[in-house]
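The values are calculated or read from the model by the stated rules, or taken from the named source; none is laboratory data. Predicted model only: the values in this text are computed from it and were never measured. Reconstructed Cβ throughout: ideal geometry from the backbone, glycine too, with neighbour counts over all protein chains shown. Remember, those area values only see protein heavy atoms, side chains included, never the ligands or the DNA or RNA. Shrake-Rupley method; radii C 1.70, N 1.55, O 1.52, S 1.80 Å.
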Amino acid sequence: MNIILTFTLLMIPGAVTSIIVTGYSGGGVIISCKYEKQYKTNVKYFCRGQWSTCSDLIRTDMKDKLVQKEKVYLYDNTRAAVFILIIRHLKKQDTDKYYCGIYRPVALDSKTEVHLKVREGDQIRTVRGYSGGSVIINSKYEHEHKWKLKYFLRTETLRQYSEQISTKKVEEWQHNGRFSIHDNRSADLLQVFITELDVEDSGDYTVVFKVSEDYSFFSELNLVVNDDGCCENIIRLAATSEESVNVSCRYPQSHRSDRKFLCRRSGTYKCSQIASVNESRRWTLERQFHLYGDREDQLLTVSISNVTQHNSGEYWCGVESDQQYMIFITQVQLTVTETCRSNITSVSPLSSDWSLIISLSVVLVLIFVGLLLLIVALYKRRQTQGADSSSKVSHIGPGQNEVVPQKACDYEEITDIRLYNDSDTGRSTVYSTEQIAKNPFDSIQTTVQLLTKPSDFDIALYSTVQDPRSDRSAEDLNYAVVNFHKKPDCADRINFSNNQNDSDYATVSYDTV
């Protein structure tokens, strides 16, 4: 009997259809209940519980106007033949069975069965911003809603989708004036960015996740924009390269325990964090940036060392509250110029390489020339030393006797002594040939002739000095007169008469002929 009754009800217009709806505590749901256009003028209602005992939560005959009763709103859109139910401030206790109903005086009401399940959720309650600044609101969602359409709008315009801003299938920022929205699907995070905050932006806002054509769930937040003059809106700094820059940003006392950060604006709606600091740790992306937090004076100090033109740009000092939203409080405009240097022109990498090659070539040429000059100088010095050796065999005139100290003389023994008879003069001659060599490059041949006389006391001796490096005639020869003494108490020494300070001489071993 029950089966027949159920089948009969399904065949009757206005038979029950079913919708499964999931919401989150602290948030709300939007349920669309469709009806046939012939029922535009009929009363619409929403009740809770089993059909036989379903108690009305809201009932109205108002058309195209939002009607509220406690936390339930009903809007009958007669043009689309659908009435919309909005339930706010959900709690776990709201999990139950509900019905969307259309009152029909002469027939059974048309009903849509709604199974509502409320899950625990972490909702954003209040977001604070500051006049002239910006704010990013982060709304975390479950992975199953990754590809669902998302909206951000004022709560009072919840039913007016013409004023909303929504995401698309592509992961790009979508913009509507000062409002932007981005669905970071890799992190299951919806981000809303509001710039140039004004006090008039204060109010209730709603983030909507459209699950199907039948229902959506949403979370709400209250945005409070302060204009109490606690903080500077903008700071402008100018510096030259290689200098250090310090900037101090104030923040409200209500954010003493929140994390402080510095970010750099890259693009219209993106601010990349560089450094942050809180009670437990300090984090820095670039080494030249250093942050210091002074909780007593509510002051965030940023120090940038060795700035370059690359550091020029727009920065923001701000605070982050529980990773749910980020407040950009003070804008910092930094302009870095190069240090003025006279007579310095930019050089391309190619010309710089050529300059290096030319410099190395010049250095190598100078080294080579220096070595060449050193070799020539050494060679000339050796030639001069050879010439000095030749000049030291001097001509000694008659009556000029000089005893040359042994310390200042280079000498050697004459070991080759030969006796020859001169048939023309009747005299005997001793010939001796020696090599006088002061260095390996000079060699002088000396021929010593020993002329005997009838007297036993005096023997005349003369020498010819021939330089093998030249073909000089006898006129260029140097002569020396040697006096020999036969007294036994005299050493066999040769006294040269010479007008030079230094002489080369030889000790002659005399053999009596």
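Pick from region 23-68 the residues that are among the small types (Gly, Ala, Ser) and free of Cβ contacts under 8 Å to residues at least 40 places away in the same chain: which of them is farthest from PHE218 (Cα to Cα)?
So the residue we want is SER52.
Starting from residues that are touching an Asp or Glu at 6+ places or on another chain (Cβ under 9 Å) and at pLDDT 90 or above, keep the ones in region 223-240 and report whichever is farthest from GLN333 (Cα to Cα). Reasoning before the result, please.
Going through region 223-240, the residues touching an Asp or Glu at 6+ places or on another chain (Cβ under 9 Å) turn out to be 223, 225, 227, 240.
Those left that are additionally at pLDDT 90 or above: 223, 225, 240.
Working: LEU223: 27, VAL225: 23, THR240: 14 Å.
Across region 223-240, the extreme among qualifying residues is LEU223.
Looking at region 166-184, which of the residues that are surrounded by fewer than 17 Cβ atoms within 10 Å (Cβ to Cβ) and in contact (Cβ under 8 Å) with a residue 24 or more places away in the chain is farthest from the chain's Cα centre (by Cα)?
Of everything passing the filter in region 166-184, HIS175 is farthest from the chain's Cα centre (by Cα).
For region 248-264, what are the residues that are open to solvent by 40 Å² or more (accessible area, probe 1.4 Å) and either closer than 23 Å to ASN226 by Cα or in contact (Cβ under 8 Å) with a residue 60 or more places away in the chain (or both)?
SER248, ARG250, GLN253, SER254, ARG256, SER257, ARG259
Of all residues in region 81-99 being open to solvent by 60 Å² or more (accessible area, probe 1.4 Å) and either of a type outside the set (Val, Ile, Thr) or in contact with a helix residue (DSSP H, G or I) (Cβ under 8 Å, 6 or more places away or on another chain) (or both), which is nearest to ILE20 (Cα to Cα)?
ASP96
In region 198-215, how many residues are open to solvent by 10 Å² or more (accessible area, probe 1.4 Å), assigned to a strand (DSSP E or B) and in contact (Cβ under 8 Å) with a residue 60 or more places away in the chain?
Counting residues in region 198-215 that are open to solvent by 10 Å² or more (accessible area, probe 1.4 Å), assigned to a strand (DSSP E or B) and in contact (Cβ under 8 Å) with a residue 60 or more places away in the chain gives 2.
Scan region 279-298 and tell me whether some residue there is part of a loop (DSSP other than H, G, I, E, B) and crowded, with 18+ Cβ neighbours inside 10 Å.
yes
Can you find a residue that is modelled with pLDDT of 95 or more, aliphatic (A, V, I, L, M), within 60 Å of the chain's Cα centre (by Cα) and closer than 28 Å to ASN184 by Cα anywhere in region 117-139?
Yes, some residue in region 117-139 is modelled with pLDDT of 95 or more, aliphatic (A, V, I, L, M), within 60 Å of the chain's Cα centre (by Cα) and closer than 28 Å to ASN184 by Cα.
Please verify whether region 217-229 includes one or more residues that are over 39 Å from the mean Cα position of the chain (by Cα), open to solvent by less than 30 Å² (accessible area, probe 1.4 Å) and free of Cβ contacts under 8 Å to residues at least 60 places away in the same chain.
Among the residues of region 217-229, not one is over 39 Å from the mean Cα position of the chain (by Cα), open to solvent by less than 30 Å² (accessible area, probe 1.4 Å) and free of Cβ contacts under 8 Å to residues at least 60 places away in the same chain, which makes the answer no.
For region 50-79, what are the residues that are out of contact with any Cys (no Cβ under 7 Å at 6 or more places or on another chain) and surrounded by fewer than 13 Cβ atoms within 10 Å (Cβ to Cβ)?
If the condition is that a residue be out of contact with any Cys (no Cβ under 7 Å at 6 or more places or on another chain) and surrounded by fewer than 13 Cβ atoms within 10 Å (Cβ to Cβ), then GLN50, SER52, THR53, ASP61, MET62, ASP64, LYS65, GLU70, ARG79 are the ones that fit.
Restricted to region 265-275, and to residues that are open to solvent by less than 50 Å² (accessible area, probe 1.4 Å) and more than 13 Å from PHE328 (Cβ to Cβ), which residue is modelled with the highest pLDDT?
It comes out as ILE274.
Could you check region 143-162 and list, in sequence order, the residues that are exposed (fewer than 13 other Cβ atoms within 10 Å of the Cβ), assigned to a loop (DSSP other than H, G, I, E, B) and at pLDDT 90 or above?
Answer for region 143-162, where residues must be exposed (fewer than 13 other Cβ atoms within 10 Å of the Cβ), assigned to a loop (DSSP other than H, G, I, E, B) and at pLDDT 90 or above: LYS146, TRP147.
THR195 is checked against (1) in contact with a Leu (Cβ under 9 Å, 6 or more places away or on another chain); (2) of a type in the set (Ser, Thr, Tyr); (3) touching a residue at least 60 places away in the same chain (Cβ under 8 Å) and fails just one. What number does that condition carry?
That leaves (1) as the condition not met.
The conditions are (1) in a strand (DSSP E or B); (2) open to solvent by 10 Å² or more (accessible area, probe 1.4 Å), and GLY129 fails exactly one of them. Which is it?
Looking at each condition in turn, GLY129 falls short on (2).
Quickly run through region 281-315 and pick out the residues that are free of Cβ contacts under 8 Å to residues at least 12 places away in the same chain and closer than 20 Å to TYR325 by Cβ.
TRP283
Residue by residue, here is whether (1) over 19 Å from TYR215 (Cα atoms); (2) assigned to a helix (DSSP H, G or I); (3) open to solvent by less than 100 Å² (accessible area, probe 1.4 Å); (4) at pLDDT below 90 holds:
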{"residue": "LEU5", "(1), (2), (3), (4)": "yes, yes, yes, yes"}
{"residue": "PRO13", "(1), (2), (3), (4)": "yes, no, yes, yes"}
{"residue": "ILE20", "(1), (2), (3), (4)": "no, no, no, no"}
{"residue": "GLY23", "(1), (2), (3), (4)": "no, no, yes, no"}
{"residue": "ILE30", "(1), (2), (3), (4)": "no, no, yes, no"}
{"residue": "GLN38", "(1), (2), (3), (4)": "yes, yes, no, no"}
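For (1) surrounded by 13 or more Cβ atoms within 10 Å (Cβ to Cβ); (2) among the small types (Gly, Ala, Ser); (3) out of contact with any Leu (no Cβ under 7 Å at 6 or more places or on another chain); (4) at pLDDT below 85, each residue gets a yes or a no:
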position	(1), (2), (3), (4)
TYR325	yes, no, yes, no
SER342	no, yes, yes, yes
ASP353	no, no, yes, yes
SER359	no, yes, yes, yes
VAL363	no, no, yes, no
ILE396	yes, no, yes, yes
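Is there a residue in region 308-317 that is open to solvent by 10 Å² or more (accessible area, probe 1.4 Å), among the polar types (S, T, N, Q) and assigned to a strand (DSSP E or B)?
The answer is no, given that none of the residues of region 308-317 is open to solvent by 10 Å² or more (accessible area, probe 1.4 Å), among the polar types (S, T, N, Q) and assigned to a strand (DSSP E or B).
Suppose the filter is surrounded by fewer than 14 Cβ atoms within 10 Å (Cβ to Cβ) and at pLDDT 50 or above; does LYS44 pass it?
Judged against the criteria, LYS44 is not a match.
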